[in-house]
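This report concerns only the one structure given below.
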Amino acid sequence: MKPLLSNYPFVDTKDIYDARKKHASVWGPFKSKVHGKKKYHMVHNRCELQRSSLDYLACTAGVHAESSAPQERYFLVLPLNGHLEVEVNGQGFIADATKAVVQVPWEHYKWRSVPMQAIFYGLDMALVNKSLPNGFRGRCGYTLEGSYRNVLKQTLVGFAESLDDWASGTVGTKRLPNFFKHMEAAVAACIADGIREWGAGSFEAGRIGHMPLMTIRTFMSDNLETEITVGDIADSVGVSIRTLQKGFVDHYFMSPKQMLKIMRLDKARELLKARKSHMHSVNGACKAVGYGHAGRFSKEYADRFGETPSETLKLTKALSR
């Protein structure tokens, strides 16, 4: 994405107020709050195309933001690193290194991030809807995992590089070639295919050996509270540890150990945020997801979510009153 940053600068400032002002000119008015280090740097670069828009957003601190300015586009949120929680019309989604989120046109929108880099790809409604069955319209959003997420990442990075090869100046100084219409249609078709697979419940994200990746993920999820190892997972799949690791890197760009950590932390957050949960302590959540060391759990949780487990629990209790 470096060429996109160099050729299409939109915001590149260490002044948070200036960044918010310029950011609002594209996304509408946001109420936002920065969490983390005092020195804050946001880079936001944007390419406006014929039927879509490509944004690159990087934040060096966690940001909480919300907006009630309606949007009339679908948006694909695809983090390159970090973690982003999105709430569209009251429904929550998580986007990270394993999952992309498709946001539908919204009335009210919230998001909170840790330091991260992400691609936001906006598509005109007609571009997606013509490939999407009627029964899949009207939802708040969709999560795309595995192969769909990875293909979209590669496609959008290639899209940005193609734009960079074509243009030598500011976006809009030349007429966009028809090639980019085909790129827009290809991304829209991939998103629509991912949504259909998600809705049909048949999305398996590939296989390792003879076992679907989603089945492997289910096995991992069912054993989070135990001290399950990569060797245990490989045994359950019937492959060597090396084959398992290669399969995860090919599909998720991470090792099974890294995936297991993410799943444990996400489950802990789910438990701590559940208002009717029996989980009323950080230690309880820590043990429920197989962490043997509370200090390491708290640190890794804060690294992923931008707040400590205690802060999450405190907020949950406050909302329950």
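The values are calculated or read from the model by the stated rules, or taken from the named source; none is laboratory data. Please read these numbers as outputs of a predicted model, since none were measured by experiment. When we count neighbours, we look across all protein chains shown, and the Cβ atoms used for this are built from the backbone with ideal geometry, even at glycine.
Between E307, E270, E225, E311, the distinction of being loosely packed, with under 14 Cβ neighbours inside 10 Å, at pLDDT below 90 and acidic (D, E) belongs to E225 only. Is at least one residue of region 183-192 of a type outside the set (A, V, I, L, M), modelled with pLDDT of 80 or more and not assigned by TED's automatic domain parsing to the domain that holds D266? For region 183-192, residues of a type outside the set (A, V, I, L, M), modelled with pLDDT of 80 or more and not assigned by TED's automatic domain parsing to the domain that holds D266: present. In this entry, A274 is excluded by the filter for residues that are in contact (Cβ under 8 Å) with a residue 40 or more places away in the chain and farther than 30 Å from P309 by Cβ. Every condition in (1) in contact with a strand residue (DSSP E or B) (Cβ under 7 Å, 6 or more places away or on another chain); (2) closer than 26 Å to N81 by Cα holds for K299 except the one numbered (1). Whether a residue is of a type in the set (S, T, N, Q) and in a loop (DSSP other than H, G, I, E, B) was assessed, and T218 does not pass this test.
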